[in-house]
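*Asks:* The structure that follows is given in the form of structure tokens.
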Amino acid sequence: ITDQGGGRISSLSADSHKDLNRRSNIDKKMLTALDHNSFEVVYQPQLDIASDKVKVYEALVRWEDAELGHINPEELIPIAEENGLIHAVGAYVIEEAAKLAVKLTAEKPDISISVNTSVREFGNSSQMKDKLTGILQETMCPPDKIQLEITEKFAFQAEQEQSIISQMKALQDTGISFILDDFGTGYASFRYMQNLPISKVKIDRVFISSLLTMPKTRQLVEGMILFSKSMGLYVIAEGVETEEQFEALKEMGVDAVQGYFIGTPKKGTEIV
Ligand code: C2E
Ligand code: CA
Ligand code: CA
Ligand code: CA
């Protein structure tokens with residue numbers, strides 16, 4: 001027992017040391033990677049049920065490093081939020097998305113790109129509004145080609161709320177729309193729905209993965225769909241991996257689906 005205990009403790013601390021080390025390397029390399037174009041954006045299609053057409057692609061950031069390997073966004077974004085580079089990462093993704101949206105306009109005029117944003121990017125005055133307006137002007141991208149996904153996983157401070165709301169409203173006036181992301185996973189769904197100018201909700205994939213195996217999840221998802229629709233919102237389900245899930249969600253009345261069953265994230269050059 002003593003040996004096992006000792007072994008476990010030392011391997012645990014070795015692991016967390018490795019984690020810390022990786023974290024610190026990611027932190028240190030981030031700025032150079034951004035400068036050297038080592039970041040990339042991939043795009044995942046979203047199928048609109050009524051028209052049976054892909055109308056939206058979600059932009060997802062990628063970073064591949066020779067030593068660190070694949071650094072996924074769930075690892076990268078929190079570190080960027082801490083070291084302040086989230087503004088630069090966000091600007092990079094929005095710019096790439098805007099450029100792609102402009103390229104797509106000729107051949108696929110009804111397509112828009114949806115970009116994930118961290119509430120940190122809103123800053124506390126007009127940071128997000130200024131950044132976004134600037135990028136759209138530079139790239140000559142019409143604002144209605146871009147949607148922003150706001151996650152409810154991370155809360156913002158009460159004093160930030162007014163600034164976020166007013167920036168969102170100003171952006172909405174220019175034609176940008178907002179999606180409440182990861183719907184159902186945070187604690188603030190109702191508050192967000194009540195106070196923020198959102199027009200779509202995206203039901204998180206944790207609910208979709210157990211949709212057909214847990215009766216309670218099915219009831220929950222049905223409830224989320226009914227409730228969202230009664231608020232006049234467009235409902236998206238993400239993480240749809242099987243035909244069975246797709247059919248069930250269609251029957252429940254979702255407006256759009258996204259997931260490996262519809263399509264995996266692809267490079268911009270594969271879409272144009
Ligand atoms: P999310 O917004 O919930 O994005 C969906 C994630 O699920 C993506 O992971 C996507 O690749 C993955 N996915 C898509 N379809 C399926 C499926 O059918 N099954 C399963 N199991 N997974 C699927 P990814 O790209 O690793 O992104 C993870 C999270 O990181 C995103 O979650 C989003 O919150 C955040 N993120 C990604 N790109 C950005 C970005 O540019 N800025 C910010 N602030 N956050 C980002
Ligand atoms: Ca998202
Ligand atoms: Ca998200
Ligand atoms: Ca999600």
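*Asks:* Carbon and sulfur together cover what percent of the accessible area of segment 52-207 at a 1.4 Å probe radius?
*Replies:* Details: 3570 of 7110 Å².
Carbon-and-sulfur percentage of accessible area, whole number: 50.
*Asks:* Given a 1.4 Å probe and heavy atoms of the protein chains only, how would you sort Met224, Met214, largest accessible area at the top?
*Replies:* Met214, Met224
*Asks:* Here is a further query. Over segment 128-272, with the other protein chains present, what is the accessible area per residue in square angstrom, probe 1.4 angstrom?
*Replies:* Per residue, segment 128-272 has 49 Å² of solvent-accessible surface.
*Asks:* In the chain, which longest range has no GluC sites (Glu not before Pro) that are both DSSP loop (not H, G, I, E or B) and surrounded by at most 12 other Cβ atoms within 10 Å?
*Replies:* Result, exposed sites excluded: 108-272.
*Asks:* Would you mind checking Lys216/Lys267; Lys18/Lys202; Lys29/Lys55; Lys108/Lys202; Lys129/Lys153 for any pair whose Cα atoms are more than 27 angstrom apart?
*Replies:* Pairs exceeding 27 Å: Lys216/Lys267; Lys18/Lys202; Lys29/Lys55.
*Asks:* Next up: Which value, in debye to the nearest 20, describes the size of the charge dipole of the chain about its Cα centre when Lys and Arg Cβ atoms bear +1, Asp and Glu Cβ atoms bear -1, and nothing else is charged?
*Replies:* Once rounded to the nearest 20, the dipole reads 260 debye.
*Asks:* Could you list the chymotrypsin sites (Phe, Trp or Tyr not before Pro) in segment 196-272 that lie in coil according to DSSP, counting only those with at most 12 other Cβ atoms within 10 Å of their Cβ?
*Replies:* Tyr260
*Asks:* Same structure again: For the chain, what does the helix formula give at 222 nm: sum of -39500 (n - 2.57) over DSSP H segments with n ≥ 4, over the residue count, nearest 500 deg cm²/dmol?
*Replies:* When only DSSP H runs of four or more count, the value is -16000 deg cm²/dmol.
*Asks:* Could you tell me which residue out of Ile179, Tyr192, Phe261 lies farthest along the dipole of segment 170-272 toward its positive end? Charges go on the beta carbon: Lys and Arg +1, Asp and Glu -1, centred on the Cα centre.
*Replies:* It is Tyr192, whose Cα lies furthest towards the positive end.
*Asks:* Charges only on Cβ, +1 for Lys and Arg, -1 for Asp and Glu: so what's the dipole of segment 10-114 about the Cα centre, in debye to the nearest 20?
*Replies:* 140
*Asks:* How big is the dipole moment of segment 124-220 about its Cα centre under a simple scheme where the beta carbon of each Lys and Arg is +1, that of each Asp and Glu is -1, and everything else is neutral? Debye, nearest 20, please.
*Replies:* Here segment 124-220 has a charge dipole of around 400 debye.
*Asks:* Turning to a different aspect of this structure: What does the accessible area of Asp204 come to, in Å² to the nearest 10, when a probe of 1.4 Å is used?
*Replies:* Number for this one is 10 Å².
*Asks:* Principal axis extents for the chain, Cα atoms only, whole Å, descending order, please.
*Replies:* 62, 49, 42
*Asks:* Report the net charge of residues surrounding Arg120, where surrounding means a beta-carbon distance below 13 angstrom and charges are Lys +1, Arg +1, Asp -1, Glu -1.
*Replies:* Summing Lys and Arg as +1 and Asp and Glu as -1 gives -1.
*Asks:* Tally Lys/Arg at +1 and Asp/Glu at -1 over every other residue whose Cβ is under 13 Å from the Cβ of Asp204; what's the total?
*Replies:* Here the count lands on -2.
The values are calculated or read from the model by the stated rules, or taken from the named source; none is laboratory data. Every value quoted in this text rests on a predicted model; they were computed, and no experiment measured them. Using ideal geometry, Cβ is built from the backbone for each residue, glycine included, and neighbour counts are taken over all protein chains shown. Note: accessible area is taken over every heavy atom of the protein model, side chains too, but ligands, DNA and RNA are not part of it. Shrake-Rupley method; radii C 1.70, N 1.55, O 1.52, S 1.80 Å.
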